[in-house]
Amino acid sequence: MKRDDAREKHLEFNGAVLSLVMGDIIAQSADVIVNAANPGLMGGGGVDGAIHQAGGPAILDECKRIIAKHGPLQTGEAVITTAGDLKAKFVIHTVGPIWLGGRDGESDLLASAYRNSLSLATDRKLESIAFPSISTGAYRYPATKAAPIAVSEVVKFLRLETTTIRRVVFVLFNQEIFDVYTKVLEAIPFQG
Ligand code: AR6
């Protein structure tokens, strides 16, 4: 890993950079930031609340239009809107699974949320994307179980698909979860 310190880790991988950053996702200047939303897309707490508060009403207006047209999102689905007043250009809203003990397909659904977000960013020819740790807050997915899924979906995507994405950042809200992702990143063989 290069340019690492206590709050940032970077890994050059397959011509792209995968980073862990401790901080607030609102401050990210990536092309797109990902919102850990709920099916109704009308805002909420955590990442969702922070994005709507900092991004202003243009985001909610577009969410309302999407819901009026398509109905509520399924778990694992992703849609894209303006980023309003945020530094990013777009917000991808995806719905992670609520943790119900692990036998309800949660791991596949969490993987889908990452994969569908990455596909949508690629469809739009975007180059950089910032993710929060989806489902590990209000939805109670244990971070130690969620982090390997999050990291491996990103790595798989960068390895297998023709993608425009050159930079993926996991923005982690506190030291504890930053350390969990760091361990996962260090344990995965990244060659190739
Ligand atoms: N930047 C980065 N990470 C954050 C931020 C932030 N500003 N705020 C919280 N986190 P959560 P979920 C971390 O609850 O579990 C909402 O009400 C947080 O510590 O935002 O997918 C939605 O409307 C945790 O590690 O998302 C849904 O109803 C992670 O981000 C529901 O919560 C995700 O926590 C979604 O729950």
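Looking at the chain alone, DSSP beta bridges between its own residues are antiparallel in about 45 percent of cases.
To the nearest ten degrees, helix 106-123 and the longest principal axis of the Cα atoms of the chain are 80 degrees apart.
Using 0.36 nm per residue and subtracting the Cα-Cα separation, the extra length available between residue 7 and residue 166 on full extension is 55.1 nm. What angle, in degrees between 0 and 90 and rounded to the nearest 10, separates the Cα long axis of helix 175-187 from the longest principal axis of the Cα atoms of the chain? Here the helix axis deviates by roughly 50 degrees.
Per residue, the Cα convex hull of segment 1-58 amounts to 112 Å³.
Multiplying the residue separation of residue 156 and residue 144 by 0.36 nm and subtracting their alpha-carbon distance yields 2.4 nm. Surface composition of the chain: carbon plus sulfur atoms hold 51% of the accessible area, using a 1.4 angstrom probe and ignoring ligands, DNA and RNA. Take segment 16-186 with all the other protein chains still there, run a 1.4 Å probe, and you get 44 Å² of accessible area per residue. When Rg and the Kirkwood radius Rh are both evaluated on Cα atoms of segment 62-111, their ratio Rg/Rh stands at 1.08.
Structure note, pairs 89/156; 64/183; 89/183: Cα-Cα distances above 27 angstrom occur for 64/183; 89/183. Rounded to the nearest 10 degrees, the inclination of helix 143-160 to the longest alpha-carbon principal axis of the chain is 80 degrees.
Can you tell me the convex hull volume per residue for segment 1-150, based on C-alpha atoms, in Å³ to the nearest whole number? With only Cα atoms used, segment 1-150 gives 113 Å³ per residue.
The values are calculated or read from the model by the stated rules, or taken from the named source; none is laboratory data. Just so you know, these numbers come straight off a predicted model, no measurement behind them. For accessibility, only protein heavy atoms count, side chains too; no ligands or nucleic acids. Shrake-Rupley method; radii C 1.70, N 1.55, O 1.52, S 1.80 Å.
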